[in-house]
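Novice: First the structure, then my questions, so here it is.
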Amino acid sequence: MCAAAPINFGVIYGISGFGLARNLRIPRAEAQDFINTYFERFPGIRDYMDDTKEFAKSNGYVQTLFGRKIHTPEINAKGPRAGFAHRAAINAPIQGTAADVIRRAMIRMDDAIEDLPAKMLLQVHDELLFEVPEAEVEKTSALVREVMEGATHPVLELSVPLVAEAGIGDDWEAAH
């Protein structure tokens, strides 16, 4: 079993050893060891989480990499609401930036594909779904990947490459 995705997402969402153990169906001590090792190997993630919570507490909002503000009105709550507010503040810049990137790609897509017999049908999270004649799939896929991979430019230069993949099929399920 690959535990990487549940651990990565769980850590960002503030999962406990108990919660991770339940999700992975492993002993609680083993799950807690995963979490502890994760933070030891990637201390910058803990720093990001702590810094983001403190920024939200001081300012009442967090920001995406593009500068869009996401307000955090419950960030100074006490009790059970505090945990949710902290997790939301940590997650908002990540999910918000992803939403900004796909939105920028979508805005540019109409012009990019206007000379092709392709039609953008749907956006689902970080995916765009197109209807394309079979003879134009390769050309359209390359163009769509180029637009998506360059969606942050010129506003933002990422320190790691943004990589888009194209799945092809008769329906959305088959394209995965």
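The values are calculated or read from the model by the stated rules, or taken from the named source; none is laboratory data. Values in this document were obtained by computation on a predicted structure and should not be read as measured data. Positions of Cβ are generated from backbone atoms using ideal geometry, with glycine treated the same way; all protein chains shown enter the neighbour counts. These area figures cover heavy atoms from the full protein model, side chains too; ligands, DNA and RNA do not enter into them. Shrake-Rupley method; radii C 1.70, N 1.55, O 1.52, S 1.80 Å.
Novice: Taking a probe of 1.4 Å, how large is the accessible area per residue of the stretch 52-95, in Å²?
Specialist: Numbers: 2610 Å² over 44 residues.
Solvent-accessible surface per residue comes out at 59 Å².
Novice: Additional query: Considering only protein heavy atoms and a 1.4 Å probe, what is the carbon-and-sulfur percentage of the accessible area of the chain? Intermediate results must be reported in sequence, preceding the final value.
Specialist: Working: 6300 of 11670 Å².
Its accessible area is 54 percent carbon and sulfur atoms.
Novice: Between ARG25 and VAL137, take the C-beta separation as r, use R0 = 30 Å, and let me know the FRET efficiency to the nearest 0.05. Please report the intermediate quantities before stating the final value.
Specialist: Details: r = 40 Å, r/R0 = 1.35.
So the FRET efficiency works out to roughly 0.15.
Novice: Here's a follow-up. What is the sum of charges around ILE113, taking Lys and Arg as +1, Asp and Glu as -1, for the other residues whose C-beta is under 13 Å from the C-beta of ILE113? Intermediate values should be presented prior to the final figure.
Specialist: Details: positive: ARG108, LYS119, LYS139, ARG145; negative: ASP110, ASP111, GLU114, ASP115, GLU131, GLU136, GLU146.
It works out to a net charge of -3.
Novice: With each pseudo-label sitting 7 Å past Cα toward Cβ, what's the GLU127-HIS153 distance in nm, one decimal?
Specialist: 2.7
Novice: What is the dipole size for the stretch 41-176, taken about its Cα centre, with +1 at each Lys and Arg Cβ and -1 at each Asp and Glu Cβ, in debye to the nearest 20? Walk me through the numbers before you get to the answer.
Specialist: Details: 15 positive and 23 negative charges, 259 e Å.
Approximately 1240 debye in magnitude.
Novice: Tally Lys/Arg at +1 and Asp/Glu at -1 over every other residue whose Cβ is under 13 Å from the Cβ of PHE84; what's the total?
Specialist: Values: positive: LYS53, LYS78, ARG81, ARG87; negative: GLU74.
Around PHE84, the charge tally is +3.
Novice: While we're on this one: Could you work out how far apart the two model spin labels at VAL160 and ARG46 are, taking each label as a point 7 Å from the Cα in the direction of the beta carbon, and quote it in nm?
Specialist: Label-label distance for VAL160 and ARG46, simple model: 2.0 nm.
Novice: Candidates (1) 1.20; (2) 1.26; (3) 1.03; which is the computed Cα Rg over 2.2 N^0.38 Å?
Specialist: This structure yields the entry labelled (2).
Novice: Might you tell me the accessible area per residue for the stretch 124-167, computed with a 1.4 Å probe and given in Å²? Each step should come with its number before you reach the end.
Specialist: Numbers: 3110 Å² over 44 residues.
That works out to 71 Å² for each residue.
Novice: Do you know the relative contact order of the stretch 1-148, to the nearest whole percent, from alpha carbon pairs under 8 angstrom that are 6+ apart?
Specialist: Working: 148 pairs, mean separation 21.5, N = 148.
Computed over the stretch 1-148, the figure is 15 percent.
Novice: A further question on this structure: Would you mind working out the accessible area per residue for the stretch 8-47, using a 1.4 Å probe, and quoting it in Å²?
Specialist: Numbers: 2700 Å² over 40 residues.
Value for the stretch 8-47: 68 Å² per residue.
Novice: Which residue, VAL155, ALA21, LEU121, has the largest displacement toward the positive end of the dipole of the chain when charges sit on each Cβ (Lys, Arg +1; Asp, Glu -1)?
Specialist: After comparing all options, I get ALA21.
Novice: Note the count of lysine pairs whose C-alpha atoms are less than 27 angstrom apart in the stretch 25-121, limited to pairs 8 or more residues apart or on different chains. Kindly include the intermediate steps, with their values, before the conclusion.
Specialist: Numbers: LYS53/LYS69; LYS53/LYS78; LYS57/LYS69; LYS57/LYS78; LYS69/LYS78.
Pairs that pass both the separation and distance tests number 5.
Novice: A follow-up question, please. In what order, largest first, do LEU24, LEU121 sit by accessible area if the probe radius is 1.4 Å? Write out the running numbers ahead of the final one.
Specialist: On the way: LEU24 10, LEU121 90 Å².
Correct descending sequence by accessible area is LEU121, LEU24.
Novice: How high is the relative contact order of the stretch 1-51, in percent, with contacts defined as C-alpha pairs under 8 Å that are six or more residues apart? Intermediate results must be reported in sequence, preceding the final value.
Specialist: Working: 30 pairs, mean separation 14.2, N = 51.
For the stretch 1-51, the relative contact order is 28 percent.
Novice: Another question, if that's okay. Using a 1.4 Å probe, how large is the accessible area of ARG22, given in Å² and rounded to the nearest 10?
Specialist: Rounded to the nearest 10, that gives 150 Å².
Novice: Still on this structure: Subtracting the Cα-Cα distance from 0.36 nm times the residue separation, let me have the gained length for ILE94 to LEU65 in nm, one decimal. Kindly include the intermediate steps, with their values, before the conclusion.
Specialist: Numbers: separation 29, 0.36 × 29 = 10.44 nm, distance 0.84 nm.
Extra length from ILE94 to LEU65 when fully extended: 9.6 nm.
Novice: Just to be sure I understand the model, the point goes 7 Å from the Cα along the line to the Cβ. What's the resulting GLU173 to PHE84 distance in nm?
Specialist: 3.4
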